[in-house]
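The values are calculated or read from the model by the stated rules, or taken from the named source; none is laboratory data. Predicted, not measured: the structure shown is a model, and the values here were computed from it. Please note: Cβ atoms are built from the backbone with ideal geometry, for glycine as well, and neighbour counts cover all protein chains shown.
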Amino acid sequence: MLITRHAEARAVLADPRYVPPPVRQDGREGTLAWLRAHVSRFSTGETHAARRHLVVERLAALDPAELRTAARAMTLERDGEWRGVPTAVLGTALGVKDTSAVAAAASGYLSGEESPEADAAVAELLGLTDLPAVTLLLQGHAATEALIDNALQHAAARPGAPGDAPGPAEPGADVEALLRETLRQDPPLKATRRLDTRTGDEVTIDLVAANRDPDVFAEPGRFDPARGDTPHLTFGYGVRPCPAPAHALALAAGVLEAVLTASLRSPGDGAHSLHGGSHR
């Protein structure tokens, strides 16, 4: 069943009878399959609650404001080459200075697509840190970079961009507005799945459609950073919301502040600055 309406999506996400589809439990220790069987994202009930608690504990020690500052500084140090910055900054905050294996390990984290490269990367990360930290790195990697990429594309498409992008005087408010509307209209994760434990039916929630439901959002197809806070479902809702929205937004905002400020200083090279240059 496909759900596209906002109210129906909220109802499913708030109902504990709907759980993530099961993942295989027989993976060899240290592999991607083993990892997926041992993280909170793909677990249910008390097991999910216990695993999520460990992740939340790790997050409690991280200050989003410090993540934002560090992401901005690293992006500026790299002359706007921002790809890899969110993962590097989060890794450093978690005590993982070498995050080079994250991309390979994250490649099949959501899909379950296994490969020797992903297994080797998972094993490498588990040798560097604990499971909650690995969970945060993998969950944040692709989603945060996709959010930044989508936001930059919207910033570039705005009239007068990059000249109307956030300036040095007050970058924070404009960047946060840009991110809020990007999360609503162009979420990095387009859909999420649940299994109905009563019927065995699989439910797919189309997050793009639910975030553009005309019953909830005026002119839903128009990208409007001035909307303010909206009840988008990009960070989930109900039983299993994202545990780290503030941290993800802080990392994205720090990168955007640096990239958009750099694009103002070098308008002739705006496309390079806005899209991460050679790392695209």
Candidates Glu170, Glu124, Glu145, filtered to the one that is surrounded by fewer than 18 Cβ atoms within 10 Å (Cβ to Cβ) and modelled with pLDDT of 95 or more: Glu124
For segment 103-123: of the residues being closer than 26 Å to Arg194 by Cα and assigned to a helix (DSSP H, G or I), which is nearest to the chain's Cα centre (by Cα)? Ala106
Residue by residue through segment 190-212, note down the ones that are closer than 25 Å to Thr144 by Cβ and not hydroxyl-bearing (Ser, Thr, Tyr). Lys190, Ala191, Arg193, Arg194, Ile205, Asp206, Leu207, Val208, Ala209, Ala210, Asn211, Arg212
Of the conditions (1) over 17 Å from Gly30 (Cβ atoms); (2) small (Gly, Ala, Ser); (3) modelled with pLDDT under 95, the single one that Ala50 does not satisfy is (3)
Residue set Thr92, Thr47; condition closer than 15 Å to Leu137 by Cβ and not aliphatic (A, V, I, L, M); output residue Thr92
Working only within segment 13-32, note down all residues that are within 21 Å of the chain's Cα centre (by Cα) and either in a helix (DSSP H, G or I) or acidic (Asp, Glu) (or both). Leu13, Ala14, Leu32
